[in-house]
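So the structure is just underneath, and the comments pick up after that.
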Amino acid sequence: MLKKQGKRKPLITFLFFGISLSIAIMQCTEQQIADMRGKQYAHRETCVQCHQDIAKSYLHNAHFNTSKELYTPHSTDSMGIDSGTFVFNEKTKVGIESRSNGLYQVAYVNEKNLKEERADIVFGAGKSAYTFAFWYGNKLMQMPLNYLVPSHEWVNSPGFPSEQIYFGRAIITRCLECHSSFVQSRIISSANFQLEEEFVKNSLIAGIDCQRCHGPAAEHVQFHQAHPKEKEARYMAKYRELSRSQKVDMCAVCHSGINLKMSNSAFFFKPGDTISNLPEYTSYTGEDPDVHGKQKQLLIASKCYQLSSLDCGTCHKTHGELAPTLATYSQSCVGCHQEVQHASLDKQALSIAKENCIDCHMPVRASKDIGFQRSASKEKLPYIQRTHRIAIY
């Protein structure tokens, strides 16, 4: 009996090891498939399996790159960011330093390093500006300086003190609702009995992913994996079947400004849902909403919107890798305005107008809410964006 038990021991050990390995593989697989938003959401990589061309193009899209976690020391290398120094005054400066483990913003007072933080997350697709954030425990904090891409210039973050270095602004869920696809948050009570917000770090889904705009896809993926020959999309909202207001509202979740109030988190707003509590700007009253983030209000104040069937998708190709040129955008205008003569324009202006409707009818405007303080100066650079109120200016 002792000899038989001795022979069985390696077999039992092997079986135990095999079962443990199987469980571990199953757990890893479940973790890979799981999405932090819940079981109704598919793992983001599954979209790529059937939509490779769209996914490849979307990787370079501004929406996908509106936020990014900086995992590696060289995560910012491809962003073309310069090191440098921002000067508040002769005693107070912020150094921007690229080190072996990442990009730092360092507070120097009288040449002494009093505080430094490494950038953990960057917001912005690199067309206008980058904003940086760092983890402070389970809170996400905005860093003192922004980087303006067109001018290759470091500036004081909007709304920050003009004479001192500030690391104390917390980034809240409402910010991430438009600059990411999901983050799990919780409200805590601080020592002085104020309510504060913190995040679960590994719950952040950076960038705007497929399911943020198309809705939960787990059921869709399961069906089409089981029926690979079925080409008609099942269990997903079809944008072509939505009403115009539903299409516009899907964009308006993030393009209506920060004052949007919703009963549920904007993370779970799905195609077909509607926004009922936004002010409706059906006529121009002489005062534009701010150009930053108020694209819906500006658009629906336009006669082009009121007298046609256009929606956001008329001009914007949301999966596109490259932003269209002004000439490309203008083709959308010409589709309805072929007979416009522009009799008041001279020959030079008329030749420009033939390929560029946008600069005249959707001019660039300065935001009333956002401005950037320049280094060694009290000068404020306005944040420039193109208005979405289409009109004769």
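Computed from the coordinates by the stated procedures, all read-outs in this text should not be read as laboratory data. Note that the structure is a prediction, hence the values are computed from the model and not measured. Note that we place each Cβ from the backbone using ideal geometry, even for glycine, and neighbour counts take in every protein chain shown.
General observations
- Full-stretch length increase - Ser367, Val200 - with 0.36 nm per residue and alpha-carbon distance subtracted: 56.8 nm
- The calculated FRET efficiency for the pair Leu322 and Lys378, based on their C-beta separation and a Förster distance of 35 Å, comes to about 0.40.
- The H on the amide N of Ile370, modeled in the peptide plane, is under 5 Å from the matching H of Tyr383, each at least 5 residues off or on a different chain.
- Amide H partners (placed H, <5 Å) of Gly84, local residues excluded: Ile96
- Averaging 1/r across all pairs of distinct Cα atoms in the range 237-386 and inverting the result yields a Kirkwood radius of 17.8 Å.
- In order along the range 100-117, phi translates into HN-Hα couplings of 5, 10, x, 9, 10, 10, 10, 8, 10, 10, 6, 6, 9, 6, 9, 6, 8, 9 Hz, rounded to whole numbers, per the Karplus curve 6.51 cos²θ - 1.76 cosθ + 1.60 with θ = phi - 60° and x for Gly and Pro.
- Going through (1) 0.99; (2) 1.16; (3) 1.21, the figure that equals Cα Rg over 2.2 N^0.38 Å as computed for the structure here is (3).
- Take every Cα pair under 8 Å whose residues are at least 6 apart in sequence, average their separation, divide by the length of the range 65-206, and the relative contact order is 19 percent.
- Gyration tensor (alpha-carbon) shape descriptor, the range 65-206, a/c threshold 1.5: oblate
- Between amide H atoms placed 1.01 Å from N, distances below 5 Å from Gln184 occur with Val200, Ser203, Leu204, all of them 5 or more places distant or on a separate chain.
- Helix 2-33 and the longest principal axis of the C-alpha atoms of the chain enclose an angle of approximately 10°.
- Sorted by Cβ neighbour density within 10 Å, fewest at the top, the residues Lys115, Lys247: Lys115, Lys247
- Lys, Arg +1 and Asp, Glu -1 on Cβ, resulting dipole of the chain about Cα centre, debye, nearest 20: 1420 debye
- Full-stretch length increase - Ser344, Val87 - with 0.36 nm per residue and alpha-carbon distance subtracted: 87.6 nm
- Per-residue 3J(HN,Hα) values for the range 343-356, derived from phi via the Karplus relation 6.51 cos²θ - 1.76 cosθ + 1.60 with θ = phi - 60°, read 4, 7, 8, 7, 4, 5, 5, 5, 5, 5, 5, 5, 10, 8 Hz in sequence order (x marks Gly and Pro).
- Here the contact order of the chain, divided by its residue count and restricted to Cα pairs under 8 Å and six or more residues apart, works out to 14 percent.
- Contact order, relative form, for the range 237-386: 20 percent (alpha carbon pairs under 8 Å, 6 or more residues apart, mean separation divided by residue count).
- Each Lys and Arg adds +1 at its Cβ and each Asp and Glu adds -1 at its Cβ; summed about the Cα centre, the range 65-206 shows a dipole of about 160 debye.
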